[in-house]
Amino acid sequence: MHDVFSNFDKVLSAFWLTIQLAVLSGIFSLLGGIVLVAMRIGPIAVLRWLATIYVTLVRNTPLLMVFTFIFVAAPTLGWFTTTPFLLKGVIAVSLYTCTFVCEALRSGVNTVPIGQAEAARAIGLTFTQNLRHIVLPQAFHASVPPLTSTFIAMAKNTSVAAVFGLAEATFRMRYFTNRNADVTIWIFIIFAVGYIILVELISAGGLLLERRGKAAR
Amino acid sequence: MSSSVLFDSPGPKTRVRHRLYTVIAVAVVVAAAVWLVMFLDDKGQLTDAKWHVFTLTDYLNVIWHALLDTLSMAGAAIVLAVIFGVVFGVGKLSDHAFVRWPSFLVVEFFRATPVLILMLLMFFQWGIGGGFWGHGPYVSVVLALMLYNGAVLAEVFRAGVLSLPKGQSEAAYAIGMRKTQVMTIVLLPQAVKVMLPALISQCVVALKDTSLGMYIVAPGLTYIGRQIYIEQRNQLQTALVISALYIICNLILTVIATWMQRRLVGTKKPLEVGMTALAGANPTSAK
């Protein structure tokens with residue numbers, strides 16, 4: 001255990017990388033998810049099919065295979081050969097997570113009763129006003145719980161990057177267990193607690209957002 | 001799409017505009033597809049040499065056995081996870097605080113921990129060097145998946161029991177059943193019905209997570225896939241084939257889950273639980 005505590009800066013810097021990976025992937029998968037959901041519930045049939053196909057395929061692919069495409073297969077085509085590891089990790093996690101974000105947002109839109117939009121049109125709100133003031137606020141509020149779950153899963157999924165050599169928390173845990181095999185359990189607990197703190201922070205954030213947006217029905 | 005909350009039924013002008021967008025979208029998609037095929041051809045990715053191994057019986061045999069390994073790991077993990085889930089799910093519902101709190105802590109701990117570090121713990125603590133009866137990596141994957149999925153299922157299970165009408169347990173108590181009887185005879189069978197679709201969906205998660213076994217050299221599709229592309233240098237093709245196998249298995253499971261949802265639960269919303277106690281504590285998601 002002495003080894004871990006005297007090198008605790010390595011633990012912290014590994015978790016810092018995990019946080020960077022999670023935050024950047026969170027931003028990009030949110031943007032990607034918004035684009036996907038716009039295609040998926042929009043009026044253009046071709047885009048609807050495209051988004052549905054992408055979501056269905058990627059959701060059912062293990063994240064490790066998405067990483068394989070980005071880290072192993074793409075370089076053989078001449079892609080991402082000089083891209084930094086962190087960025088490649090963010091791309092892989094975002095390509096995967098944006099499909100779950102899309103589904104979370106879609107379920108939010110589906111919870112808005114159609115009467116809301118009809119009433120809005122009846123009192124003469126335009127399409128944009130309808131979306132801005134009536135549909136999207138309610139849809140977003142309903143999406144918060146599934147979005148929180150999605151981002152928690154994503155934060156834990158960043159651990160897959162360790163398999164491809166990104167020196168984040170899981171990678172560092174393996175480094176320490178290799179050097180101190182006698183205290184594997186304690187090293188595991190330290191790193192597990194680190195992840196649990198991250199996860200609980202995200203769920204606390206989700207809870208806060210949900211409370212703030214609560215509307216009387 | 002006239003019943004959408006987002007937009008009214010389109011008028012003649014809008015329909016013309018939509019048709020224009022459709023034409024543009026199709027043109028872009030077709031152009032992208034043509035470019036991709038030409039690009040892959042240019043890079044020599046479509047040659048027979050790159051795909052040839054997937055027609056050889058020796059390789060197909062190896063992939064088939066890897067698929068069986070993957071499925072058996074996921075299957076074993078889910079069976080164990082159901083047991084784990086029932087024990088800790090009932091534990092969380094217990095009237096005794098000394099049962100409830102430890103169950104709560106165990107479930108929360110394993111729900112918030114990444115599966116990969118659970119695998120590392122299992123493998124490097126007990127599985128390495130002939131541990132677990134000589135099947136170290138395999139058993140490590142199964143146990144890690146059991147802990148994670150079991151913790152999720154414990155929550156699903158608890159939500160399933162709580163979703164039942166209160167009258168069910170009240171009636172059971174009224175006719176003189178004891179606590180255990182109420183749980184095993186009245187609540188459990190009904191909760192199982194509600195949680196079955198969620199259980200099948202969890203199988204998809206478990207199946208996808210078996211892929212992580214590659215990190216601790218467990219047998220399975222990703223491990224074999226890696227061996228193939230290292231040997232044959234056909235990274236793209238192998239990744240496509242392995243992903244396709246996962247997708248097919250998962251789609252089959254999804255179809256079963258949807259069918260069960262329709263048969264057993266009806267039009268009611270599927271059971272959903274949050275990822276942590278905090279996120280699951282709100283009444284809106286437990287509806």
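The values are calculated or read from the model by the stated rules, or taken from the named source; none is laboratory data. Predicted model only: the values in this text are computed from it and were never measured. Don't worry about glycine lacking a Cβ; one is built from the backbone with ideal geometry, like all the others, and counts go over all protein chains shown. Areas reflect the complete protein model, heavy atoms only, side chains present, ligands, DNA and RNA absent. Shrake-Rupley method; radii C 1.70, N 1.55, O 1.52, S 1.80 Å.
All of A:Phe5, A:Phe71 fail the test of being assigned to a helix (DSSP H, G or I) and either crowded, with 21+ Cβ neighbours inside 10 Å or among the small types (Gly, Ala, Ser) (or both), apart from A:Phe71. Filtering the stretch B:124-145 to residues that are assigned to a helix (DSSP H, G or I) and either open to solvent by 30 Å² or more (accessible area, probe 1.4 Å) or farther than 26 Å from B:Thr276 by Cβ (or both) leaves B:Phe124, B:Gln125, B:Trp126, B:Gly127, B:Phe132, B:Trp133, B:Gly134, B:Gly136, B:Pro137, B:Tyr138, B:Val139, B:Leu143.
Restricting attention to the stretch A:185-217, the residues that are open to solvent by less than 30 Å² (accessible area, probe 1.4 Å), within 8 Å of chain B (Cβ to nearest Cβ) and over 22 Å from the mean Cα position of the chain (by Cα) total 1.
When B:Val29, B:Val34, B:Val87 are checked against the criterion of being on the phi < 0 side of the Ramachandran plot and at pLDDT 95 or above, B:Val34 stands alone in meeting it.
Here is the figure for the stretch B:236-264: residues that are open to solvent by 30 Å² or more (accessible area, probe 1.4 Å) and more than 17 Å from the chain's Cα centre (by Cα) total 5. Scanning the stretch B:50-66 for residues that are aliphatic (A, V, I, L, M), in a helix (DSSP H, G or I) and open to solvent by 20 Å² or more (accessible area, probe 1.4 Å) yields a total of 2.
For the stretch A:47-68, filtered to residues that are in a helix (DSSP H, G or I) and closer than 21 Å to A:Gly165 by Cα, the residue that is nearest to the chain's Cα centre (by Cα) is A:Leu63. Just one of the listed residues (A:Leu50, A:Leu21, A:Leu17, A:Leu57) is within 14 Å of chain B (Cβ to nearest Cβ), surrounded by 20 or more Cβ atoms within 10 Å (Cβ to Cβ) and aliphatic (A, V, I, L, M), namely A:Leu21.
B:Val161 is checked against (1) modelled with pLDDT under 85; (2) away from chain A (no Cβ under 12 Å) and fails just one. What number does that condition carry? Every listed condition holds for B:Val161 apart from (1). Exactly one residue out of B:Val99, B:Val29 is at the interface with chain A (Cβ under 10 Å from one of its Cβ atoms) and in a helix (DSSP H, G or I), and it is B:Val29. Restricting attention to the stretch A:90-139, the residues that are open to solvent by 20 Å² or more (accessible area, probe 1.4 Å) and in a loop (DSSP other than H, G, I, E, B) total 5. On the given criteria, is A:Ser159 farther than 23 Å from A:Val11 by Cβ and open to solvent by less than 10 Å² (accessible area, probe 1.4 Å)? No; evaluated as a whole, the condition is false for this residue. If only residues of the stretch B:177-231 that are open to solvent by less than 30 Å² (accessible area, probe 1.4 Å) and of a type in the set (S, T, N, Q) are counted, the one that is farthest from the other protein chains (Cβ to nearest Cβ) is B:Gln202. Scanning the stretch B:106-124 for any residue that is at pLDDT below 90 and within 30 Å of A:Asp182 (Cβ to Cβ) turns up at least one such residue.
Within the stretch B:105-123, being crowded, with 17+ Cβ neighbours inside 10 Å and more than 21 Å from the chain's Cα centre (by Cα) holds for B:Leu121, B:Phe123. I'm trying to understand the selection: among the residues of the stretch A:163-184, which are among the aliphatic types (A, V, I, L, M), surrounded by 24 or more Cβ atoms within 10 Å (Cβ to Cβ) and within 7 Å of chain B (Cβ to nearest Cβ)? Result: A:Met173, single match.
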